[in-house]
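Shown next, in structure tokens, is the structure this report addresses.
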Amino acid sequence: MSKMSSMSYAMIAAAVLATATACSHKSKVQPVASAPEPAPPPAPAPTPPPAPEVIPPAPPPPREEAVSSSSLDDLNRNSPLRPAFFPLDSSEIDPTAKSVLDGDAALLRQNPTWVITIEGHCDERGTAEYNLALGERRAGAALAYLVSLGIPANRLKTVSYGKEFPFEPGHDDAAWAKNRRAHFVITAK
């Protein structure tokens with residue numbers, strides 16, 4: 001072998017040895033520290049619940065002796081039973097009407113001999129036929145609610161007057177709102 005070839009082999013062997021040694025001593029790679037995750041944005045302040053609808057309390061029931069000694073005409077003229085009002089085009093008992101009917105039911109329980117006619121009324125808009133049907137649904141809804149509160153159905157009757165007997169004679173929203181009602185008449189005591 002010539003000098004050059006032995007030297008070439010020696011250099012190659014040294015390079016292989018250096019490479020093998022370098023590979024056997026693998027260095028540990030340190031992970032790159034990542035930037036800390038940003039804090040989540042603060043949660044929005046909770047939305048406060050809507051203000052409850054203010055429902056006027058039912059009037060206290062009249063004194064028992066005053067009610068029992070009154071004639072039917074006097075009772076109905078100064079009726080202790082309050083009418084339940086309805087939204088436009090509706091026979092649904094809303095929370096305000098429920099509160100009124102709850103008070104009326106308490107009064108009916110105190111006077112178990114009373115027989116009541118529930119009149120369904122509407123405002124002047126719409127046809128006579130439509131308003132008669134809507135008035136009947138309103139009277140029926142009031143009757144059903146009172147029965148659900150324990151008032152016997154045989155003490156309650158219904159009639160619809162549609163738009164024929166307005167409570168308020170005006171021709172605006174305020175008058176119409178007063179005419180959409182279930183009105184109570186004591187027919188026997």
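For segment 72-120, evaluate the Debye formula with one uniform point scatterer on each Cα (no solvent term) and list log10 I(q)/I(0) at q = 0.20, 0.24, 0.31 Å⁻¹, rounded to two decimals.
Values, matching the q order: -0.76, -1.00, -1.27.
For the pair Asp172 and Arg77, what calculated FRET efficiency results from E = 1/(1 + (r/R0)^6), where r is the Cβ-Cβ distance and R0 = 45 Å, to the nearest 0.05?
Values: r = 27 Å, r/R0 = 0.60.
E(calc), rounded to 0.05, equals 0.95.
What length, rounded to one decimal in nm, is gained on full extension from Arg109 through to Arg125, with 0.36 nm per residue of separation minus their alpha-carbon distance? Show your work: numbers first, answer last.
Details: separation 16, 0.36 × 16 = 5.76 nm, distance 3.58 nm.
The Arg109-Arg125 span can extend by a further 2.2 nm.
Which value, in Å³ per residue, describes the convex hull spanned by the Cα atoms of segment 73-188?
Measuring per residue, one finds 94 Å³ for the Cα hull of segment 73-188.
Can you give the extra length, in nm with one decimal, that the chain gains between Asn154 and Asp102 once fully stretched, where that is 0.36 nm per residue apart less the Cα-Cα distance?
Going from the current span to full extension adds 16.9 nm.
When DSSP assigns beta bridges and you keep just the ones with both residues in segment 73-188, what percent turn out antiparallel, to the nearest 5?
60 percent
What residues qualify as long-range amide H neighbours of Trp114, i.e. H under 5 Å apart, gap of 5 or more or another chain, H built at 1.01 Å from N?
Amide H neighbours of Trp114, under 5 Å, 5+ apart: none.
Roughly how many whole Å is it from the C-alpha centroid of segment 102-135 to that of segment 167-189?
9 Å
Any read-out appearing in this document is the output of simple, stated calculations on the displayed coordinates, not a laboratory observation. All values derive from a computational prediction rather than experimental measurement. Heads up, the Cβs are rebuilt from the backbone with ideal geometry, glycines too, and the neighbour counts pull from every protein chain shown.
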